[in-house]
Structure formats: C-alpha cells, structure tokens
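Undergrad: Have a look at the structure that comes next, please.
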Amino acid sequence: MPATGHDIGVGLISVGWMGRLHTRAYQTLPSVYPDLKLRPHLVRAADTAADRAAYARDVLGYAAATDDYREVLADPAVDVVSICAPTGLHREIGVAAAEAGKSFWIEKPVGRNASETAQVAEAAAKAGVVTSIGYNYRHVPAVERVRELVGDGKLGRITNVRAVFFSGYASEPKGALSWRFRRDLAGTGALGDLLSHVVDLVQYVVGPIAEVSALTSTVYTQRPILPMGSGTHFAVIEDGELGPVENDDYVAALVRFAAGSPGAGAVGTLEASRIIVGPQCGLGFEIYGTDGSAAWNFERMNELRVCLGRGGPHAGYTTVLGNPHLGDYGYFQPGPGNSMGYDDLKVIEAKKFLLAVTGGERRNSTIEEALHVAEVISSAETSAEIGAWQPVRAVPGATFGHSARG
Ligand SMILES: NC(=O)c1ccc[n+]([C@@H]2O[C@H](COP(=O)([O-])OP(=O)(O)OC[C@H]3O[C@@H](n4cnc5c(N)ncnc54)[C@H](O)[C@@H]3O)[C@@H](O)[C@H]2O)c1
C-alpha cells in the first residue's frame, strides 16, 4: 500500500555502503526539507551478515532487524523499501517488493542485464508502485544547471558529448574480488557498475541514446577473494586465495542520441574504468553545442565550467561555484561557494522518491529510465562481443523528462 499522509514506514534490504547511505538520507531529509513534512520512520532492516543486521538495529536505529529480506516486505508497518543488495539480487527482490505492494528505491544498475530490469519494471507497473533508482549524480546542482542550459537551447544545437567514469577502486592488482567481479552476482563489470552512471547522466542532461558501438577489456584476470558481507570493494588483500575476474575492467563506447530530444543528432564518446590509476571518483562530462559548452566532474562537484557564446572579452570558460540558483543547493547551504557532498545527493534522491510516493511532484528517476539505461548497456555489451553498431531498444515512458525543442 502507498503511504498515506507524511509518516512513512521505511524498510531496508542490505546494510552495506548504500544501505547505510539510504538510511542517513532518510534521517537527514526532515531537517533539510522541513516544509515537506515528510517523516520517515526506520521500521525493519535485513542483511544476511549478522553483524550488519545488528548494526542496522543498534546503530542506525531500525526498530527491528532480520537476516531474511522477506520479513521486511511482509511487515505491514513498512510503506517503502530501499533495495541496496548486490546487483544480482535486484530482480528477485525488486519483483518481490512490487508483488508485496511496496514502493521501492532501488540501487543501480537494476539487475544484471536488461531482461532482469524489464522483469522488475513489469512487476512495478502491474502493482502500480512508485520506483526510484540510485542514479544520484543527476541531483548535483551543477548538473541540474547544465540540463537547464541544454533544455533552454543556451548551448545551441548539441553537437558532441564526452563523458567518463574513471574510478580507481580496483586499480590495485591485489584489490579484493568482491561480488562486483562475478557474473552471477553483478553481471557486467565497469559496464554495469560505472558506465550505467555515465549513460544515465548524459541521457538526463542531453536525451536518450539510440545507437551504440563499444569495446571492453579485462586488465586483471585474477584477484584475492573477499567473502560476501565483509570489507568493501576498495579493500586490498595481500595473501588471499585468488579467484577469476569474470567481467570487464574497462569499456569505451561511441553513441548517437535519439531524435526528438535536445541531443538529437549529437554523438558521444563514453568511457568507464575501474582499474585506472590517477582519477579516484572521476565521473564527468563535457557537452558541446554550436553556441556554448559546459564541463563538470564529480571530483570537483561544486564547480561548473561554462562557456556561453563564441567570442568577446570573456571568450572561453567561466567557473561557476555552487550557489542557491542551482538545483537544490539552497536547501543545504545559505550562500555561494560552500561545498555540498556525496551524501547530500542521496538526501535529494530520498526527497524525490518520497514526494512521488506521497502524491507530490514526480521528479524521481523511474524504473522505465533504468530500463532504458540497461538497454544501452546491453547493446554496448553485444556490440563489444560482435564488433558492430547496435540499436538501443526504446522504452516507452523513458523520456528523462525531455521534450523535443522546436
Ligand atoms: N548509486 C551509487 O553511486 C552506488 C554506489 C555503490 C554501490 N551502488 C549499488 O548499490 C548496490 C549495493 O552496493 P554496496 O556497495 O552497498 O554493496 P556492499 O557490498 O557494501 O553491501 C552489500 C550488502 O548486501 C548484503 N547481502 C548479500 N546478500 C544478501 C541477501 N540475500 N539479503 C540481504 N542482504 C544481502 C551483504 O551482506 C552486504 O552487507 C549495488 O547494486 C551497487 O551497484 C550504487
């Protein structure tokens, strides 16, 4: 059942990095957005690792904890569920959440492939529940501003886009073989884990992708095994037993944007790597149009570089710092130049989710948009296998909020 009023019972499935972060977002939301009068209550959490379930109850403050996610879905006091399990469990848990009538906020990528995402989308549509996806980088105030500039035509006709996610979490050859490196638990590697963020971001800012050509590579083929529910995927294990890396470390893709969106006719180059040395959490883009351009990178999240117009005394880039004119910045900081951080993005995401659940504004990312991202990733995977361009299946309803500009 959808929540009624503004008291919302929260269930959490998996208490890893994202599970804790979703929880902090629910806890912080009422003080950042007091006027919305949204009051999340932490009802029940589940994790198969006993110490993590206990942490959810004793430290995070859930009223109850369990090792079985089904108990979270069966609890009538739970109105909404955060699904933060490893990617390989998303299909099973997402479908079960929908069948239990719970609206859910699920981490990206939703499932190991487009077929699994489609099954979650179908179950959510059948049950009529609200969905939100963990594509947190959309909510960066600078990113929201670039989306406005593109949508308003301030950059002119978009000609080309360069976007990357260069994350060094597995740059150490002895970096842990977490679930992320296994096909049964994660599906693809850098493709699903990192390029999915890039794809969502450029589709959110510029428009849906229609065609893709890609290649992938695996640089380290063995790593020391990390048991599920222990450590993090940043861990380095010196003398552990080795296991095979089953998916890609690096992906490069050439894409064409679909007709009927601000990006119509534009091309893009997208890359992702989890073994890169240098960049740490380098998710960024450059967007070029006939009248201007914009560049942003998460490692300098609060800085936006814009160039509007071709000449004049200020030709070239201007750096704009975070300020209350951009996105939700003003809810977090009173004046320009004060930094926001990663956790704040999840607070904005929680707000968009719970507003949609309680019948308010619908600016949440949806399972249809997650499916479109999954279709791009799936086409990229096929393209890398067969060495040819692949069309991307369009997903009805996945407009990323864009309408065609005249
Ligand atoms: N939005 C983002 O920026 C972002 C960042 C990191 C991870 N993610 C996504 O979030 C999801 C979780 O990643 P993470 O980094 O938090 O993982 P993690 O390894 O930190 O945590 C996963 C947790 O799931 C638990 N678990 C395993 N099997 C379970 C089961 N059957 N029932 C309940 N719990 C179970 C584990 O014990 C562990 O505590 C993944 O889909 C990942 O792709 C998104």
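Undergrad: Can you find, within the range 130-156, the residue that is nearest to the chain's Cα centre (by Cα) among those that are within 16 Å of the ligand (Cβ to nearest atom) and not in a helix (DSSP H, G or I)?
TA: Restricting to residues being within 16 Å of the ligand (Cβ to nearest atom) and not in a helix (DSSP H, G or I), the top hit is 135.
Undergrad: Specify which of the listed residues (57, 70) is assigned to a helix (DSSP H, G or I), away from the ligand (no atom under 12 Å from the Cβ) and surrounded by fewer than 24 Cβ atoms within 10 Å (Cβ to Cβ).
TA: None of the others qualify; the one that does is 57.
Undergrad: Among the residues of the range 201-211, how many are in a helix (DSSP H, G or I) and more than 16 Å from residue 142 (Cβ to Cβ)?
TA: The qualifying residues number 1.
Undergrad: May I ask you to list the residues in the range 244-282 that are farther than 19 Å from residue 207 by Cβ and part of a strand (DSSP E or B)?
TA: Passing the criteria: 244, 250, 251, 252, 271, 272, 273, 281, 282.
Undergrad: Continuing with this model, one more query. Using the structure shown, decide if residue 215 is over 27 Å from residue 67 (Cα atoms) and away from the ligand (no atom under 14 Å from the Cβ).
TA: Yes; evaluated as a whole, the condition is true for this residue.
Undergrad: Out of the residues in the range 82-101 meeting the condition of being surrounded by fewer than 24 Cβ atoms within 10 Å (Cβ to Cβ) and more than 13 Å from the ligand (Cβ to nearest atom), tell me which one is nearest to residue 191 (Cα to Cα).
TA: If we take residues in the range 82-101 being surrounded by fewer than 24 Cβ atoms within 10 Å (Cβ to Cβ) and more than 13 Å from the ligand (Cβ to nearest atom), then 95 is nearest to residue 191 (Cα to Cα).
Undergrad: How many residues, within the range 62-75, are without any contact (Cβ under 8 Å) to a residue 24 or more places away in the chain and of a type outside the set (A, V, I, L, M, F, W, C)?
TA: 3
Undergrad: Determine, yes or no, whether residue 349 is closer than 20 Å to residue 272 by Cβ and either open to solvent by less than 20 Å² (accessible area, probe 1.4 Å) or modelled with pLDDT of 95 or more (or both).
TA: Answer is no for this residue.
Undergrad: Every residue in the range 37-54 that is open to solvent by 50 Å² or more (accessible area, probe 1.4 Å) and away from the ligand (no atom under 13 Å from the Cβ), please.
TA: 37, 39, 41
Undergrad: Can I ask one more? Could you identify the single residue in 394, 384 that is small (Gly, Ala, Ser), open to solvent by 10 Å² or more (accessible area, probe 1.4 Å) and either closer than 15 Å to residue 208 by Cβ or part of a loop (DSSP other than H, G, I, E, B) (or both)?
TA: Only one candidate passes the filter, namely 394.
Undergrad: Looking at the range 227-248, I want the residues that are farther than 22 Å from residue 16 by Cα and open to solvent by less than 70 Å² (accessible area, probe 1.4 Å) and have a partner that is more than 16 Å from the ligand (Cβ to nearest atom) and not in a strand (DSSP E or B) with Cβ atoms under 6 Å, at least 6 apart or on another chain. Which pairs are those?
TA: 248/218
The values are calculated or read from the model by the stated rules, or taken from the named source; none is laboratory data. Since this is a predicted model, take the numbers as computed values, not measurements. Methodologically, a virtual Cβ is constructed for each residue, glycine included, from the backbone with ideal geometry; neighbour enumeration extends over all protein chains shown. Just the protein is used for accessible areas: all its heavy atoms, side chains included, with ligands, DNA and RNA removed. Shrake-Rupley method; radii C 1.70, N 1.55, O 1.52, S 1.80 Å.
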